[in-house]
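**Q** Below: one structure in structure tokens.
Rule-based calculations on the coordinates, nothing more; no lab input. For clarity, every value in this text was computed on a predicted model and none was experimentally measured. FYI the Cβ positions are ideal-geometry reconstructions off the backbone, even for glycines, and counts take in every protein chain you see.
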Amino acid sequence: MTDTVQALQRVSDGDFEKLAAFFLRRQHSDCAGLIATGINEDEKPVACPVDGITYIDIPGRYSRCIALAATTFKMKDVRRKWLGGKNYKGDIEKANEEFQKWRQDDPNIECILFLAINRFLKNDTDLYRESIRLGKLYNIRIEIIEASILIDFLDNNPDGEYIREEILGIKAERISKDLLRKISETSLCEHQRVFGKEQAKEIIRELCSPVLDLVEKPNVQLIGLRGASGIGKSTLLRQVGKRLNTCGDIAIWVSNDLVESSDSLIDLLSKVLKRFEPTLDESAASEALHIISSVSCKLVLLIDDINRSSNPLNLIKTLESLVKNQKNDFLTLIIPLWAGQLSARPETKQKQKNIFWEEIELNVFSSNEKKILLNQLNKGSLETAFQIIDNLNGDPFLCGIALESEEAFLNVNTSNLIKEIFTRFLEQVAESSREMNPYATRKEFITAIDELIELIILTNDPEPQWEQVHDKLNNRKDLLQVVAVKNKIGWIDHKYGFDFWRWKHDKIRDALVGRWLANKILIQLAQETSVTQDQEKLLSNLGLAEAWAFSLVFLGKKSEQEKAVSVLAKYQPLALAELLRLNLFPERHEVNQLAAKHLRQILFQFIEQIKYRENIVRQLIFEKLAQTNNLAVLQATEELQGNDYVWAGRFRNGDIAAAIEWINHEMNGGQFLPNINHPMFEQALERFMATYSCNRGESLQKILEAMEQLETAIAAITLAGYLTWTELAEPVWNIWDSLSDKQKLIATVPTIWALSRCGNSSMQDKLEQVLLFTHQLRQADEELRRQDEPGYIPEGIEFFWRIACQIFEPTLRWSITPLGAETWVKVVDENAEIHKWMWDKLRYIDHPIAIETYIRHLVVKTMDDSDNIGIRIMWEGELSEGFNDPLRQMGVPKQPYKNSATCIKLWEIVENDLDFRARLMAFLLWKRGVSVNDLEKLQSISVDNEIFDEVLKVRLKLHDKTAARALIQKLHTKPRYWCAYVPFLQNTEEVFDTFLDTFDAALEIPPLELCHHILNSVAKYLSVERVRELVGKKHELLMNSPQTWLALWCSDVPEALKLVQEAMVQSDLGAWYLFFFPNESFHDQISQRMLNALTPVLQKHPSIRECIAERAADAGFGEWVHEHLPDVAGRERIRYFFPTSEDINGALALAIEKEADGERPIQLTPELHSVRTAFRRRDKLESVVNLQSVFESWISSAENEKQLVLVARLLAAWGDSRDIVWWQKLKLAEPFPFKIWMNTLQVLKRRRWHGVGEFTAMA
């Protein structure tokens, strides 16, 4: 007897009624709305003629009343229960009485009664027959559901397994929609436990809606929530997840360790599901994706927290590689990021937008969020709370802790507020822990925490193994264990076979460590004149920079603070930068001013020391100041030589001159800033606008003064375009108008941009004149081109106006005013010369008149000259789809129009225009931002409309079930093309049946097209069950159709893999080689099961070994290659993905030749590709190459310091905390400088404390 049988026979009456109702709702479509009438809100049985009932009326077809009667009687009593007896009404008679009431209103109604029992009917066919007969007597159709039917459902159906787990307590092995929802809810509860604060006041952040909007956008794969530690990224992530789950989507929390160990999205999803439901089988992930696609919702994985990993940059690259080739447009990943991540380093000039990511920037609470937070509090404490929030600058983390007991801070001095917050917080932690152990005092709990902190400081390990904690704390370990259970500051986690202490939040850790450093080190130093060696070691540890910053708030005396700032300036200047970034004191506090004064002196000293060996701390300080919102930054960077970091820090804190100098710098280097994606500049701009837009008088005056100076005028005009302040429009025009024609060549495009964005009605004629001047600009450029030497490329300011400024498209990603759009259209329409080269730029202006005009011109030009390559590119750019795989994303997704008026105009053209070309282009532009909310519009396009096929594709991609009939018709007329779209409606039986019926025809290739080796890719988009069905019903056809084998292999379904294996082994290589290795790149993900399936094929056809090895190595299966294909593992194509020691040594030698000075930061140059790959795939390369051994050997053979410098730079850029031990033990011989070695060691140590690592984040 199985566990299910036993559990089913023991089930209670109420639970069985729930089980039977669930079965009917899932298995019988007419029962989807079944109402449970036999149980109450407490899930207890109540008296009722039937246990469930529903009514269905389909006009013109039928009406039905369906009832349920469930019983758990023993079999000897069931006959009487169903059929009745003397003075006893059976279930059928009671149901008849209920049905009679319905027949009075609807005489033709069909009545159906389901009799459910939790036992086997066995051989009692008499009971079955008599029940049917009695039902017919009452004109009721009887359906019996007994144990064998239920067990088949509970054990072999995903929905059944879910209800089996919920009611019978037997874990599910297959995923279902309900189980997915349960997992999503469970994961968010776990996320709350791990990252949330128990009594914290939470508000829904304003950015929640923008994130949800991004999730709904097509082609958005990765969403980054970027902000500093403690800014509320994890809270926002959880809020987004809850909203998604409430709206019918599926959001599941994924911890970073699962990402680190995953080779594909399927692998990652499988691990996620099994973490919460360990009994799920291997197909759970594929089935989950199938379920998501079938119900037309989104699956959103919430990745938190990648910054706890040893190398977050590797994790970011892993996530990008996971989504790069994913074929599921309904799957999105949301990842909290630290401020520096994804931003290109200024030195690299790689400022283009990362095409994989959409980013949301988090900041402190807005004024509106502060009001909402106040409304959650007791009215009696509002004044106190307002003061607290204001004094904390709306910092979400600090506000959350402080407002748990806001009354306690009523009389707290502003400068001591943060000290009091964490002191009280620590007391609350101790008091909360006493609930579990009332025999221990608060002081004893706090002492245990202090001893933990002492351990992590002395071992330089922020998350020590519990065994170390056990040895250090002795008897107090039990107290810390209680603290871990309460989980207010941290808990005991498990990884890699060890238990270890994990902090709840880095900011809690840094604050409490800072408190310890203040009490144990700084107070002592305030009384002494010298620093011991042990103290110096702690003071200079870069990993403790944030903690040292916090330590200053725990010093009570002004003299102690002044002495501490001086000591930190000497040994730990990064802590002073962190002090300003964290805003630990009121902005104009003396400690801030003193820190800024010291930082300025330090940075001036560092400027004289430009070599890498002296640059690390300076670089870190600059990066912190660039992210700091504190006026003390202006003092710290006063008169410093400008660079991107200095300019960013000054501009975001109100320095207009810095912004103008920055823009000038880019311009003199040939860059027109609005044309490029420059995160540092745009983040500084956003902060400046938020702070100074409402009080702009002083800033306006400084911009006007800059416009008066010829050397800064163009930069000031460009800045005016960024700010969009209408007061600047007229001065912009006046400056441009006053320039000579030669000067106007440089100033024209910045002026056009500025006037287009901030000009009012009085400025439109001025904008028109500047636009008309572009004709002279192009003439001047063409004249110079005739004079240029062959291959000449202009540089600097000449490049700026001749090349950068004439690329309008990127500039127009910035919105322009409606009046500006109208002026653009007027100039393009009325000036023939400008029309020639500017008409197609109108499609980048997000305004109805511009887009409509572009479409009109395109239609005319298409009719006049359809063979023009430029015109064809415009059409193909919107129509493009994969030749062999129409469902694969081609190129970078087009940006949708955000202006609702533009979208409305496009749809008007789609609906009403008489020219089908206009309708088609309007539709192609409109569909960029299409969502399920647009289905009604799409369904209104009739089948006889010339653009119907394009509309149908979009409807299918949105899983529109009403498109089934149209797709079926297309399968009959053009099966080879339209079968690719079947996966979107594969759950519609009629569609899939038609697909199977027409699949033979779909695989027929006309003789003239045989040379193209057209693939059929449909199988890799089908669900596991559908692939099995396809293989089962079309086995012979597929065996003889090599164009399907690659897709079948990519499906990773065992039955399909077996077919491909057999077919390849039985066939000549020439019959399928070009199908399995097409000329286009391979983009799909690979599993080890897929590779193992090819093992017999590799033996039969050894010539493909290198091709398969390359495909496997590219997917990260280097060890598989070395195990199964050792003869080709050493070839160059394979080593590109899995380099050997020889490759790395060669790369290092080549890099030495090209990077002789050691001044610039490490960049991913071609010669360093193998080294970067070795770092990224370090865990998978251990059996092939040991980086540590390679580096140690290379350094030991060095003839000069260049080799040590290079390895030091590589570790600073790409290394992680595992490199600390061997680098620390490295024996340096003369003449290797100690400073190089020490700086890299400090970076690695910092990375142990702050895994994101500034160098890691931006390398």
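**Q** Within the range 10-46, list the GluC sites (Glu not before Pro) lying in a DSSP loop whose Cβ has at most 14 other Cβ atoms in a 10 Å radius.
**A** Sites meeting the loop and neighbour criteria: E41, E43.
**Q** Could you size up the charge dipole of the range 1055-1146 around its Cα centre, putting +1 on the beta carbon of Lys and Arg and -1 on that of Asp and Glu, and report it in debye to the nearest 20?
**A** 160
**Q** What ranking do 122-134, 830-842 get when scored by the average of other Cβ atoms within 10 Å per residue, highest first?
**A** 830-842, 122-134
**Q** Rounded, prolate or oblate: which fits the range 642-814, taking a ≥ b ≥ c as square roots of the Cα gyration tensor eigenvalues, rounded meaning a/c under 1.5, else prolate when a/b beats b/c?
**A** oblate
**Q** While we're here: Only bridges with both residues in the range 3-168 count here: give the DSSP antiparallel percent, nearest 5.
**A** Beta bridges within the range 3-168, antiparallel portion: roughly 45 percent.
**Q** Let me ask something additional. Ratio to report: Rg/Rh of the range 3-168, with Cα atoms as the point set and Rh obtained by the Kirkwood method; give two decimals.
**A** 0.95
**Q** On a 0 to 90 degree scale, rounded to 10, what angle separates helix 869-879 from the longest Cα axis of the chain?
**A** Around 50 degrees separate the two axes.
**Q** Positive end of the charge dipole of the chain (Lys, Arg +1 and Asp, Glu -1 on Cβ, about the Cα centre): tell me which of L812, A518, S63 has its Cα farthest that way.
**A** A518
**Q** Per DSSP H run of at least 4 residues, take -39500 (n - 2.57); add these up for the chain, divide by its residues and hand me the 222 nm value, nearest 500 deg cm²/dmol.
**A** -17000 deg cm²/dmol
**Q** Report, in debye and to the nearest 20, how large the dipole of the chain comes out about its Cα centre when Lys and Arg carry +1 and Asp and Glu carry -1 on their Cβ.
**A** With only Lys, Arg, Asp and Glu charged at Cβ, the dipole is about 2260 debye.
**Q** To continue, here is another question. Compare the Cα positions of W824, G1070, N987 along the charge dipole of the chain (+1 at Cβ of Lys, Arg; -1 at Cβ of Asp, Glu; about the Cα centre) and return the one farthest towards the positive end.
**A** Checked the options; the winner is N987.
**Q** Please tell me the relative contact order of the chain in percent, rounded to the nearest whole number, where contacts are Cα pairs under 8 Å and at least six residues apart.
**A** 8
**Q** Quick one: which of 785-795, 520-530 comes out on top by average Cβ neighbours within 10 Å, and what's the full order, highest first?
**A** Top of the packing list down: 520-530, 785-795.
**Q** Something else about it: Rounded to the nearest 10 degrees, what's the angle between the helix 616-626 long axis and the longest principal axis of the chain, both from Cα atoms, 0 to 90?
**A** 70
**Q** Just for the chain, what percent of DSSP beta bridges are antiparallel, to the closest 5?
**A** The antiparallel proportion sits near 35 percent.
**Q** Using only the alpha-carbon atoms, how far is helix 679-692 inclined from the longest principal axis of the chain? Give it as 0 to 90 degrees, nearest 10.
**A** For 679-692 against the chain, the angle is about 80 degrees.
**Q** Here are labelled values, [x] 60; [y] 53; [z] 56, and one is the computed percent of Cα pairs over 42 Å apart for what I pasted. Which one?
**A** Step by step, percent of Cα pairs over 42 Å apart for this structure corresponds to label [z].
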